[in-house]
Amino acid sequence: MDHFPRRKRVGLLKPLLSLSLVFASFLMIHKLKVAEKDGLGAKHARDASWCGSKCPPLKKGAMRNSLGISDPPQRASNATPPGSWDAQVLNCSEDASVRTKDWFRRLDPRFHQFVLHRHCRYFPMLLNHPEKCADDGGGGGGGGGGVHLLMVVKSVIEQHDRREAVRKTWGREHTVGGKRIRTLFLLGSPTTGKDTKNLQKLIQYEDMVYGDILQWDFMDTFFNLTLKEVNFLKWFDIYCAGVEFIFKGDDDVFVNTNNLLELIGFKVEARKDADLFVGDTISKAIPIRNRQSKYYIPKELYDKPYPPYAGGGGFLMSSQLARRLFVVSEDLELYPIDDVFLGMCLQKLRLAPEIHPGFRTFGITRRKVSSMNSEPCFYRNLIVVHKLSAQELLGMWSVVHSDALVCAQRRPM
């Protein structure tokens, strides 16, 4: 008999969730307007299209398949000017021939859509900012020449508070000793079942204020993280001839920007920057077979040890290597774990990521209860630490950069 009151509570759940979303939307808009009024990066409104009037408009009624890929009836004509993003409209139907394979019939169903659409690689851009890499410093700040360091942050639409914390801390755009630092956030589209239209309007407004979001028209899911990698590499190859180095990481890490720049300086001085790819390297790893794990991979999909790879929480690479990675990535099948996929690309180049003790993409210690994970002096001496909430990042940044903090002498990088 208890099922009747449960049904009543479930019936109230949907309107409560809707009210919560409306409240969150108003709160986000209010925060963005405050930031705009205070001059925290307010910019002129930009056309959400990435190439202005030369782009064919995306059809509002375009249907999505279960992977979240726009599926209009035909591919756009090849009228895009050279040096521009050319994935304007994508006809990405499933590869039906895969269904006839014996291994596919044995494959865990949760991987079916990924495998059926693995050939779908590049997608239309909803928000684009090629000026970020321009020599004139479109992102603001002084300094001549190109961009020394491009901070590239993986995020999702709902994590506005994390992006805001990054902008106020390690992602702040500025110039150090004449070397310009610029920041971009990588996003896909809202996943099915969410208030897609309102979320998209919110992200467009946020981008109007800050002008630092690259967004592609594929659904922002865990399996699609690799799409962020390959689409960014292509984007970088097109627009960023003047950028020297890239830091790529998550929106929940702490980055000591000064130590990162110091590491770059050491590599340049030693002339070891051309093939630079450094982070928290994992070697001799094998696919996880535990079906409950977020990183579970069935044998049908991959059945050999992983190549060495850097934890996706944060790593540093040279622009020269990024361009080479783009070239080899086009000949590799997409893999559902993005940092492993980059390891595969490095292996194709006969390179391996360099391990560095300053990158801690699993935290300072793996035990969350350890006091070391909240000790500011460790953060002052490290380069990347994972994982912090938005409030923890803001708090730690303030403490680490306080003159009142006294630490033992730091180790050389």
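Coordinate-derived values only; no laboratory data. Small disclaimer: the values here were computed from a predicted structure and weren't measured. Heads up, the Cβs are rebuilt from the backbone with ideal geometry, glycines too, and the neighbour counts pull from every protein chain shown.
Once the Cβ-Cβ distance of E269 and T191 is raised to the sixth power relative to R0 = 41 Å, the FRET efficiency obtained is 0.35.
Report the charge-dipole magnitude of the range 283-413 in Debye, nearest 20, computed about the Cα centre from +1 at each Lys and Arg Cβ and -1 at each Asp and Glu Cβ.
440
Once the C-beta distance of S93 and L405 is scaled by a Förster radius of 51 Å, the resulting FRET efficiency is 0.35 to the nearest 0.05. All Cα-Cα separations within the range 263-336 were binned at 10 Å from zero, giving a P(r) of 16, 38, 31, 13, 2, each value a whole percent of the pairs. Sorting V152, V406, V327 from the fewest to the most surrounding beta carbons within 10 angstrom yields V406, V327, V152. A Förster distance of 41 Å, applied to the separation of the beta-carbon atoms of T365 and N198, puts the FRET efficiency at 0.50.
Computed on the range 94-199, the Cα convex hull volume stands at 163 Å³ per residue. Packing, taken as the mean count of other beta carbons within 10 Å per residue, orders the peptides 188-200, 350-362 from highest to lowest as 350-362, 188-200. Near the amide H of L126, within less than 5 Å, lie the amide hydrogens of Q215, W216, D217, all on another chain or at least 5 residues away, with H placed in the peptide plane. By the count of neighbouring beta-carbon atoms within 10 Å, fewest first, I181, I297 end up ordered I297, I181.
Label-to-label distance for C377 and E158 is 4.0 nm, based on points extended 7 Å past Cα in the beta-carbon direction. When the square roots of the Cα gyration tensor eigenvalues are ordered a ≥ b ≥ c, the ratio a/c for the range 188-274 is 1.5 or more and a/b exceeds b/c, which makes its shape prolate.
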